[in-house]
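The values are calculated or read from the model by the stated rules, or taken from the named source; none is laboratory data. Source: prediction; values computed, not measured. Positions of Cβ are backbone-derived with ideal geometry, glycine not excepted, and every protein chain shown enters the neighbour counts.
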């Protein structure tokens, strides 16, 4: 590892890590799509309960979304507020 | 274990808007406008703080105008009274459906929260940096929800509130406490992450549009407004409703009756 700038190495690995953290987006994507599909099904079955179904679905979607948001926050920390760069000696 | 104070400061500083590393091209952290020294403590006035003050001033001004106008309101509504009654009534029914008739008085508090978050989210349209794209703002609003959750729990439940932590079996006490602490974290991070994510995507779109070759400059006309419609208007409104609805649901869950 001679001649390798440790800072560049850490920054590059952090960028890869940020990309990997965004894989967390798959989960909420599937979950919200599932919730929206079920919501559409429920509205089709009971069109008069549309308001309640929509608000319940939005609430569920928002809760399902938090894991994706955690991934986003981790990616943001790695990209813009990297705590690992400070660990490099010298 | 190995986290030094400096790194924690840098991490927290970036999240809440202190400019400790001005190297990124994209303007993610809010700029420091002024540094005040009050009694030996350094107080940093960031863009977020100033924008929040502007929004607060606008909201207070609107409230005062309608408070003065309210003197002339009659039993039969006309003009601005229609709008105000529509807003208040829909907020009332929203609170009543999420909590219950008995706790409708929470509408007074949550209407203020709703207006502040909504105007903050939409302020990105006017070129402001949305104050809610800063963990400081969302954490502060969530802290009030956290206090309300546990105040209402203790006030209505008395002993059964504390007993609730030992259920279903006392061994789960630490897990129950952690799940209570996770509530404000997930609430604040959801709003913060959504608005910050939208802001970053819009910033990247503007950076990309600025570097377009002259033939493709036609894209500058409609693309940003369509994206603003989604990221600022749609996501902003939905996240406001979600934040208020989840706050009310969490408070309702803790109320014992």
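Just one of the listed residues (A:81, A:75) is within 13 Å of chain B (Cβ to nearest Cβ), out of contact with any strand residue (DSSP E or B) (no Cβ under 6 Å at 6 or more places or on another chain), in contact (Cβ under 8 Å) with a residue 40 or more places away in the chain and more than 30 Å from residue B:96 (Cα to Cα), and it is A:75. On the stretch given as the range B:185-234, residues that are away from every other protein chain (no Cβ under 14 Å) and over 19 Å from residue B:117 (Cβ atoms) total 23. Can you find a residue in the range B:126-143 that is assigned to a helix (DSSP H, G or I), out of contact with any helix residue (DSSP H, G or I) (no Cβ under 7 Å at 6 or more places or on another chain), free of Cβ contacts under 8 Å to residues at least 40 places away in the same chain and under 30 Å from residue B:229 (Cα atoms)? Checking the range B:126-143: at least one residue is assigned to a helix (DSSP H, G or I), out of contact with any helix residue (DSSP H, G or I) (no Cβ under 7 Å at 6 or more places or on another chain), free of Cβ contacts under 8 Å to residues at least 40 places away in the same chain and under 30 Å from residue B:229 (Cα atoms). With respect to (1) exposed (fewer than 13 other Cβ atoms within 10 Å of the Cβ); (2) assigned to a helix (DSSP H, G or I), the lone exception for residue B:168 is condition (2). May I ask you to verify whether residue B:93 is more than 14 Å from every other protein chain (Cβ to nearest Cβ), more than 30 Å from residue A:77 (Cα to Cα) and either more than 20 Å from the chain's Cα centre (by Cα) or at pLDDT 80 or above (or both)? Here the answer is no, as residue B:93 does not meet what is asked. Just wondering, is there one or more residues in the range B:81-88 that are assigned to a helix (DSSP H, G or I), within 22 Å of the chain's Cα centre (by Cα) and farther than 25 Å from residue A:70 by Cβ? Checking the range B:81-88: at least one residue is assigned to a helix (DSSP H, G or I), within 22 Å of the chain's Cα centre (by Cα) and farther than 25 Å from residue A:70 by Cβ.
Only one of the listed residues (A:73, A:10, A:85) is at pLDDT below 85 and surrounded by 15 or more Cβ atoms within 10 Å (Cβ to Cβ). That residue is A:85. Within the range B:176-191, the residues that satisfy the criterion of being surrounded by 13 or more Cβ atoms within 10 Å (Cβ to Cβ) and more than 15 Å from residue A:70 (Cβ to Cβ) are B:176, B:180.
Has the range A:34-52 got any residue that is under 28 Å from residue B:186 (Cβ atoms) and within 11 Å of chain B (Cβ to nearest Cβ)? The answer is yes; a qualifying residue exists. Is it fair to say residue B:173 is in a helix (DSSP H, G or I), touching a residue at least 24 places away in the same chain (Cβ under 8 Å) and surrounded by 11 or more Cβ atoms within 10 Å (Cβ to Cβ)? Taking the combined requirement at face value, the residue does not satisfy it.
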